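Visitor: My structure is below; once you've seen it, I'll send some questions.
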Amino acid sequence: MEILDPTTEAVTQTIAWAPRPASLSGKRVALIDNTKFNSDNLLVRIGNILKHEHGVAECRMFRKHNASVPAHPEIVAEMETWADLVVAGIGD
Amino acid sequence: MAATLTSKRLSVRDEADAIEMAYDKGWSDGLPVVPPTEGRVRAMLEGARLEANHQVGIIRDRAVVISAEKVAINAVMAGCKPEYFPIVVAAVEAIADHRWSYHGPGTSTGGAGVLMIVNGPIARPLDINAGDNLFGPGWRSNLTIGRAVRLVMRNVCGSRPGLLDRGTLGHPGKLSYVIAENEAESPWTPLHVERGFRAEQSAVTVVASDAPNQFYNQLSNTAEGVLTTLADNMRISGQVMGQSTYVVVLAGEHMHTIANDGWDKKRIRQFLFDNTQNSYAHLKRTGRMTGDIAAGDEQRMRPLTELENILIVAAGGRAGAFSCFIPGWGSAKSSQAVTKEIRS
């Protein structure tokens, strides 16, 4: 007998990756705050390390509407024009 | 002509072999599944008169398109009858709705179940339980409809426990979490009518939810007495600070006590809103709100949730002075309750 596969077969697609910068020196870094308790405090510390130990010029916090949605288009557009790098991926 | 089924086919010796294969491939929630043969899957699709390539939903944040064929395969595996399929489809439409915000409750450490509340004329002929042992066990429709939705989440959307689904504790409702409102005996406006549907329509409301919290009041014979106990239990519950959706399920004896005092759902909701607030000082003292206690914090009150986030449902056994409330997952802003019409 035969049965049918219940899973979704992945569809291959090509994604254009941004090139990794050779150095962080002088770069502007966007930090995405997902709104969870202390995520902003953690990101401030990360920002300070990036500035003091890796020569990053400036860090700016961008706040999502809430933790369960992607960053909204307005802040993505702002990050695109302002930032060289983005730190995302805060969990619990 | 019926559309071709495009899913990959796998050969197995017999039904027992198919059940083991489902375990080996990680398709099961831990219980045996009904092997999804082409004949069974086609019968399931016919239950909602859907073509296999019909798009039931898209979860954009996960780049997943959910086809009727995949929903049907998972509904077969869950043990659904074809006549249940329209409810499964409506529930999947609801969890794919952007307001439900799949990526949160489908993945969160908070361990959300998908509470599904069925309203309207479809519930009775399909024997969807609204009475004794409301949350199970014992009813095929309740247990298999919810299981089908969870298997879609697992197999189509990728919410596998331990991988994308990171629930710290989970709860038994993550296997299946389906109830009907007891419209036949309820003195109140049905949930789906409060949410904009007509009484003669059938609808399912999905809520990303914690487990049920049962409360006891075997002494009061007034609405205020019963609801005072409920409010006291609710006040510190769920995420507390999150202002979640709350589903309040009022069973037979409590339902009659409250209705006999002339209280409708609107008045119940207002009472619960007014009597579940916490002081800022208490929230800070108990590690729920950040910051030091400031002047006025003992008197400054924070609602447990917004008035419109309290959903009232009449359901549960006739005997017993018990009812329950179910805190929603996260905040109501992060995942809203969504109601969809069941088209059968």
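The values are calculated or read from the model by the stated rules, or taken from the named source; none is laboratory data. Everything numeric here is computed off the predicted structure, so don't read it as measured data. Neighbour counts are summed over all protein chains in view; Cβ atoms, including those assigned to glycine, are modelled from backbone coordinates with ideal geometry. Surface accessibility is based on the protein's heavy atoms, side chains included, excluding ligands, DNA and RNA. Shrake-Rupley method; radii C 1.70, N 1.55, O 1.52, S 1.80 Å.
Visitor: Would you kindly derive the ³J(HN,Hα) couplings of segment A:3-18 from the backbone phi angles with the Karplus curve 6.51 cos²θ - 1.76 cosθ + 1.60 (θ = phi - 60°), listing them in order in whole Hz, with x for Gly and Pro?
Guide: Each residue of segment A:3-18 in turn: 10, 9, 6, x, 8, 7, 6, 5, 9, 5, 9, 9, 10, 7, 8, 6 Hz.
Visitor: Which residue, B:Asp14, B:Asp97, B:Asp261, has the most motion in a Gaussian network model of chain B that connects Cα atoms within less than 10 Å?
Guide: B:Asp14
Visitor: Please check: in the Gaussian network model of chain B (C-alpha springs, under 10 Å), which one of B:Glu183, B:Glu298, B:Glu51 has the largest mean-square fluctuation.
Guide: B:Glu298
Visitor: Still on this structure, I have one more. First measure r as the distance between the Cβ atoms of A:Val86 and B:Thr189, then evaluate 1/(1 + (r/R0)^6) with R0 = 56 Å and state the FRET efficiency to the nearest 0.05. Can you show the working numbers first?
Guide: Details: r = 48 Å, r/R0 = 0.86.
With R0 = 56 Å, the Cβ-Cβ based efficiency is 0.70.
Visitor: Rounded to the nearest 100 Å², what is the sum over both chains of accessible area buried where B meets A, with a probe of 1.4 Å? Show your work: numbers first, answer last.
Guide: Details: alone 15530 and 7400 Å², together 20750 Å².
Interface area, both chains combined: 2200 Å², rounded to the nearest 100.
Visitor: Whenever you get a sec, compute what percent of the accessible area on segment B:10-210 sits on carbon and sulfur atoms (1.4 Å probe). Show your work: numbers first, answer last.
Guide: On the way: 3990 of 7780 Å².
It is 51 percent, rounded to a whole number.
Visitor: Follow-up question, since we're still on this one. Rank these by accessible area, largest first, 1.4 Å probe: B:Tyr280, B:Tyr216. Display every interim value, and only then the final one.
Guide: Values: B:Tyr280 40, B:Tyr216 135 Å².
My answer, sorted largest first, is B:Tyr216, B:Tyr280.
Visitor: Ranked from the most accessible area to the least, with a 1.4 Å probe and all protein chains present, what is the order of B:His103, A:His72? Spell out each step's value before the answer.
Guide: Details: B:His103 60, A:His72 25 Å².
Putting B:His103, A:His72 in descending order of accessible area: B:His103, A:His72.
Visitor: Where Lys and Arg each count +1 and Asp and Glu each count -1, what net charge lies around B:Asn155 among other residues with Cβ under 9 Å from its Cβ?
Guide: Values: positive: B:Lys70, B:Arg154, B:Arg160; negative: A:Asp5.
Computed value for this residue: +2.
Visitor: Let me ask something else. In whole Hz and in residue order, list the ³J(HN,Hα) couplings for segment B:321-334 that follow from phi through the Karplus curve 6.51 cos²θ - 1.76 cosθ + 1.60, θ = phi - 60°; x for Gly and Pro.
Guide: 3J(HN,Hα) across segment B:321-334, in whole Hz: 8, 10, 9, 8, 10, 10, x, x, 6, x, 10, 5, 6, 6.
Visitor: Report the accessible area of B:Phe135, computed with a 1.4 Å probe over the heavy atoms of all protein chains in place, in Å² rounded to the nearest 10.
Guide: Counting only protein heavy atoms, B:Phe135 exposes about 80 Å² to solvent.
Visitor: A further question follows. Sort B:29-35, B:104-110, A:16-22 by packing, meaning the average of other beta carbons within 10 Å per residue, with the highest value first. Write out the running numbers ahead of the final one.
Guide: Details: B:29-35: 16.7, B:104-110: 22.1, A:16-22: 6.9.
Descending packing order for the listed peptides: B:104-110, B:29-35, A:16-22.
Visitor: Going 7 Å from the Cα of B:Leu169 in the Cα-to-Cβ direction, what parts of segment B:94-118 have a backbone nitrogen less than 11 Å from that spot?
Guide: B:110-111
Visitor: I need the phi-derived Karplus couplings for segment B:95-100: 6.51 cos²θ - 1.76 cosθ + 1.60, θ = phi - 60°, integer Hz, Gly and Pro marked x.
Guide: Computed from phi, the couplings for segment B:95-100 are 6, 8, 5, 4, 5, 6 Hz.
Visitor: What does the accessible area per residue of the protein assembly as shown come to in Å², with a 1.4 Å probe and no ligands, DNA or RNA counted? Please report the intermediate quantities before stating the final value.
Guide: Details: 20750 Å² over 436 residues.
Result: 48 Å² per residue.
Visitor: Specify the inter-centroid distance of segment B:284-344 and segment B:64-119, based on alpha-carbon positions, in whole Å.
Guide: Comparing the Cα centres of segment B:284-344 and segment B:64-119, I get a distance of 23 Å.
Visitor: Apply 1/(1 + (r/R0)^6) to the Cβ-Cβ distance of B:Met301 and A:Val76, taking R0 = 35 Å, and write down the FRET efficiency to the nearest 0.05.
Guide: On the way: r = 37 Å, r/R0 = 1.06.
The value I calculate is 0.40.
Visitor: How much accessible surface area, in Å² rounded to 10, belongs to the heavy atoms of A:Thr81 with a 1.4 Å probe?
Guide: 110 Å²
Visitor: Hey, another quick one. Tell me the mean residue ellipticity at 222 nm calculated for chain A from its helices only (DSSP H runs of n ≥ 4, each -39500 (n - 2.57), averaged over every residue, nearest 500). Don't jump to the answer; show the numbers that get you there.
Guide: Details: 2 runs with 26 residues, N = 92.
Mean residue ellipticity, 222 nm, calculated: -9000 deg cm²/dmol.
Visitor: Let me ask another. How long is the gain from B:Ala294 to B:Asn133 if the chain were fully straight, where each residue apart is worth 0.36 nm and the alpha carbon distance is subtracted?
Guide: On the way: separation 161, 0.36 × 161 = 57.96 nm, distance 4.66 nm.
Net length gain for the segment: 53.3 nm.
Visitor: What nm value, rounded to one decimal, do you get for the distance between B:Glu15 and B:Glu46 when each label is placed 7 Å out toward the C-beta?
Guide: Result for the modelled spin labels: 1.9 nm.
Visitor: Could you sort B:Lys266, A:Lys36, B:Lys70, B:Lys174 by their accessible area in this structure, using a 1.4 Å probe and putting the largest first?
Guide: On the way: B:Lys266 150, A:Lys36 75, B:Lys70 15, B:Lys174 35 Å².
Accessible-area ranking of B:Lys266, A:Lys36, B:Lys70, B:Lys174, largest first: B:Lys266, A:Lys36, B:Lys174, B:Lys70.
Visitor: Around A:Arg45, under 12 Å between beta carbons, what's the net of Lys plus Arg minus Asp minus Glu among the other residues? The partial results should precede the final answer.
Guide: Working: positive: A:Lys51; negative: A:Asp40, A:Glu53.
Net local charge, A:Arg45 excluded: -1.
Visitor: How much of B:Leu50 can a 1.4 Å solvent probe reach, expressed as accessible area in Å² and rounded to 10?
Guide: Roll a 1.4 Å probe over it and B:Leu50 shows about 40 Å².
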